[in-house]
Amino acid sequence: MKAPMTKKNLSRYYEMKQEYKKQEKTLEEIQDFLSQCQECKSHNCEQRRGLELYHKGLEKLVELTAVVCDYEKKHLQSQIDKVPDCRMNRILASRYIGGLSWNQVAASVHEGLTGNQVRKLHNYYLSDLC
């Protein structure tokens, strides 16, 4: 069964991308800590080993999240590509794939619309689908 085009479904890729960025940042912080922890290197403490294991697991999670994120993006793009209205297609792609604010979406549409007007068009379009 096809999932309806709702704000929640459209936002899934953006939220997943945000989670991916958080995971990458945590991974980086752990890597920095491990490389700077001279004391632990010298006596190979239990905490360091635990942190190294956590780091390896998080690396795998980041890899999997990247794959799922890519899948979600492709799925979202295919859903947006089916929207017959060119302007709405650009609005949806700019907002949900590009992650732009409503004002940035309005500027990318180039029709003299404000962010608020674009948001209202978006909401009207989605409510019309239900």
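The values are calculated or read from the model by the stated rules, or taken from the named source; none is laboratory data. In this text, all values refer to a predicted model and were calculated from it rather than measured experimentally. In this analysis, Cβ positions are derived from the backbone assuming ideal geometry, glycine residues included, and neighbour counts consider all displayed protein chains.
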Legend entry - Wholly within segment 78-129, helices (runs of 4 or more DSSP H) carrying at least 2 residues that are free of Cβ contacts under 8 Å to residues at least 24 places away in the same chain and under 20 Å from the mean Cα position of the chain (by Cα): 86-92, 102-109
Inset, instruction - Determine whether V67 is at pLDDT 95 or above, part of a helix (DSSP H, G or I) and in the same structural domain as L129 (by TED's automatic domain parsing). - result: no
Inset, instruction - Scan segment 54-71 and report the pairs whose first residue is over 11 Å from Q23 (Cα atoms) and whose second residue is part of a helix (DSSP H, G or I) and aliphatic (A, V, I, L, M), with Cβ atoms within less than 9 Å and a gap of 6+ or a chain change. - result: Y54/I30; V68/M16; C69/M16
Legend entry - Filter result (surrounded by fewer than 16 Cβ atoms within 10 Å (Cβ to Cβ) and either in contact with a helix residue (DSSP H, G or I) (Cβ under 6 Å, 6 or more places away or on another chain) or of a type in the set (F, W, Y) (or both)) within segment 90-107: G99, N103
Inset, instruction - Looking only at segment 28-49, decide whether some residue is within 21 Å of the chain's Cα centre (by Cα) and more than 17 Å from Y125 (Cβ to Cβ). - result: yes
Legend entry - Filter pass, V62 being modelled with pLDDT of 95 or more, part of a helix (DSSP H, G or I) and touching a Leu at 6+ places or on another chain (Cβ under 9 Å): yes
Inset, instruction - Sort through K8, K17 and tell me the only one that's touching a residue at least 60 places away in the same chain (Cβ under 8 Å), within 14 Å of the chain's Cα centre (by Cα), on the phi < 0 side of the Ramachandran plot and in a helix (DSSP H, G or I). - result: K17
